[in-house]
Amino acid sequence: MNTTQDIITHTQNWVSNVIVKYNICPFARREVERGSIRYVVVESTSKKCVLQALIEECRFLDGDEQIETTLFIMPTGFEGFYDFLDLVELANDRLEIEDYEGVYQLANFHPDYCFADELQSSPSNYTNRSPYPTLHIIRETSMEKAIKNHPDVDAIPERNIAFANKKGNDFFANLLATCLLNK
């Protein structure tokens, strides 16, 4: 069984060796270099407990502006992609209830991620596949600045899809498997 540190290491490997290395998110490199990404592992399988921990993490971010973003990792309990999507919907609702709408936004990643209207086997799904079910808590003000300073933010998904389709499923499956090594 993986320890909390193993799970963090696997996720850091994914950020460095997939997201940054292949420029899936052009904003990630800066935060990796600054050390401003927080990695939080939530072991609970209870939606109620996970949602409470999410709000506690938002409160933590409220008090620490040195941390730019949090990867909120749930290694167990949300392995099923559709169960995970239900959690994502509840998490967004909870942000709104707690007056965090417009303060933080959530991006989501999952080992079996599948875009709507895409086949599960489409390589493009790998742009949102991660070692573990993960919610990315993003500061809205930071996202607005990053988008404003990017020359063509609308081209990012198109570029990622083209890249993923060119590289193919085997390339990304092997890449994700190497992220699960503790190095």
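Throughout, read-outs are computed from the coordinates displayed, never taken from laboratory work. All values reported here derive from a predicted model rather than from experimental measurement. A quick note on method: Cβ atoms are made from the backbone with ideal geometry, for glycine too, and the neighbour counts reach across all protein chains shown.
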Practice task
Once you have the Cα-Cα distance between Asp62 and Gln12, take 0.36 nm times their residue separation minus that, and quote the gain in nm to one decimal.
Solution key: 15.7 nm
Practice task
Place a label point 7 angstrom from the Cα of Ala177 along the Cα-to-Cβ direction, then list the residues of the stretch 1-29 whose backbone nitrogen is under 12 Å away.
Solution key: none
Exercise for the section: At a Cα cut-off below 18 Å, give the lysines reachable from Lys21, other chains included and same-chain residues fewer than 8 away excluded. Expected result: Lys166, Lys167, Lys183
Completion exercise
Footprinting proxy, Ser16, Ser124: sorted fewest to most Cβ within 10 Å, the residues are Ser16, Ser124
Problem - Charge dipole (debye, nearest 20) of the chain; +1 at Cβ of Lys and Arg, -1 at Cβ of Asp and Glu - result: 860
Exercise for the section: Report, by chain and number, residues whose modeled amide H sits under 5 Å from the one on Val41, excluding near sequence neighbours (fewer than 5 apart, same chain). Expected result: Ile73
Fill in the blank from the handout: per DSSP, antiparallel bridges as share of beta bridges in the chain, % nearest 5, sits at 65
Completion exercise
In the list [x] 1, 7, 14, 18, 18, 13, 7, 5, 4, 3, 3, 3, 2, 2, 1, 0; [y] 1, 8, 16, 21, 21, 19, 11, 3, 0; [z] 1, 8, 16, 21, 20, 15, 10, 5, 2, 0, 0, the entry giving P(r) over Cα pairs in 5 Å bins from 0, in percent computed from the coordinates is [y]
Problem - Rule-of-thumb Rg ratio for the stretch 6-112 [Cα; 2.2 N^0.38 Å; N residues] - result: 1.07
Fill in the blank from the handout: The rounded separation in angstrom of the Cα centers of the stretch 128-183 and the stretch 1-72 is 14
Fill in the blank from the handout: Highest GNM mean-square fluctuation among Asn125, Asn165, Asn108, for the chain with Cα springs under 10 Å, belongs to Asn165
Handout entry: Difference of contour (0.36 nm per residue) and Cα-Cα distance, Arg30 to Thr141
Key = 38.4 nm
Problem - Options Tyr22, Tyr82, Pro131, ranked by Cα towards positive dipole end of the chain, top entry (Cβ charges) - result: Tyr22
